[in-house]
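Following: one structure in structure tokens, then a few remarks.
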Amino acid sequence: MHELPRSWACDGFRPARDDGFVDLQVVEQVATLGEWIGEGGVVVLSGAGLSTDSGIPDYRGPSGSARRSTPMTYQTFTRDPIARRRYWARSHLGWHTIGQARPNEGHLAVARLQRRGALDGIVTQNVDGLHQAAGARDVVELHGNLTRITCLACGASTPRDHMAARLDAANPAFAGVAVAFNADGDAELAGTSLDGFTVVDCLDCGGMLKPDVVYFGETVPADRVARAFELVESCRTLLVLGSSLTVMSGRRFVLRAAKRGIRVAIVNRGVTRGEPYASLLIDAPLGIVLPHLADLSPV
Ligand SMILES: [Zn+2]
């Protein structure tokens, strides 16, 4: 078993609560989690809370505002040309912000934990690609990745930046102003007509293009789900990072782990629906907890 460095217990970790007092319970909890990570066999399940420090809002989390618009569904996207045009206009503007987001201390710490062999896998509900941008490998992206565009007709995959350049060229006069955007990369617009926006199609076959993300009403590809379950079922600790586990798409992995007697540790700000299944629930900033865990000696 991994031996914790001496400094860990005495001066390594003193997170202050909002009221300024040091939360000793969190210190103890993080030490326990450090021991579990030291034993290896950890699989990470990450959610929007991990990316908030990168400027991507978590509309379900404690600091996120409620989603203002109805989420795009696969059915609406594919069947309603007007809704699709408006979606692309908003998404295109949102991309100007999301495309510039950079991994934060939490992403970097996860990548460091993976490099030192402490993680057996990373499963994410996020579509921002920031785990990989931080250096993580073999990430199972449950809901896809906004940085890719896929053709619904021929299946061709192209980089989002390429699509963005094409949309810029096709819409020289489009001067929408994004006032907010959410974790799906979907911007809110004020005072701008979206109906003049021109959408572009697949250069190979003329087919309909769509961000390579799973929409509401769309199922996660079966092989992706199977891979995630495989990782979860074979791990010693399922480590949930920054997810309120509101949607079943993520919560089902916690349920499966709990059913199998696999311990579940959750680091999350605010309320989480995983609480009944958690062996350890740490309500503390990921940007503080994760770097400390990653600074532990190599396994
Ligand atoms: Zn195509």
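Details
- Test for Gly185: is it small (Gly, Ala, Ser), under 24 Å from the mean Cα position of the chain (by Cα), at pLDDT below 95 and surrounded by 18 or more Cβ atoms within 10 Å (Cβ to Cβ): yes
- Top-ranked residue in the range 227-252 [being β-branched (Val, Ile, Thr) and more than 30 Å from Gly38 (Cβ to Cβ); ranked as nearest to the ligand (Cβ to nearest atom)]: Val247
- Test: residue in the range 211-226 that is touching a helix residue (DSSP H, G or I) at 6+ places or on another chain (Cβ under 8 Å) and within 16 Å of the ligand (Cβ to nearest atom): yes
- Within the range 207-223, residues that are part of a loop (DSSP other than H, G, I, E, B) sit with their Cβ atoms under 7 Å from residues that are of a type in the set (A, V, I, L, M, F, W, C) and buried (at least 19 other Cβ atoms within 10 Å of the Cβ), at 6+ positions apart or across chains, in these pairs: Gly207/Cys151; Tyr215/Met72; Tyr215/Phe77; Val220/Leu142; Val220/Val214.
- Enumeration of residues in the range 262-292 that are part of a helix (DSSP H, G or I), surrounded by fewer than 23 Cβ atoms within 10 Å (Cβ to Cβ) and at pLDDT 90 or above: Pro276, Tyr277, Gly287, Ile288, Pro291, His292
- Residue count for the range 225-244, restricted to those that are touching a strand residue (DSSP E or B) at 6+ places or on another chain (Cβ under 8 Å) and at pLDDT 95 or above: 13
- Residue ranges of helices (runs of 4 or more DSSP H) in the range 87-181 with at least 1 members within 16 Å of the ligand (Cβ to nearest atom) and surrounded by fewer than 22 Cβ atoms within 10 Å (Cβ to Cβ): 160-170
- Tabulated pairs, the range 87-114, first under 14 Å from Val213 (Cβ atoms), second among the aromatic types (Phe, Trp, Tyr) and at pLDDT 90 or above, C-beta under 8 angstrom, 6+ apart or interchain: Tyr87/Phe77
The values are calculated or read from the model by the stated rules, or taken from the named source; none is laboratory data. From a predicted model like this one, the values you see are computed outputs, not experimental measurements. Backbone-built Cβ (ideal geometry, glycine too); neighbour counts: all protein chains shown.
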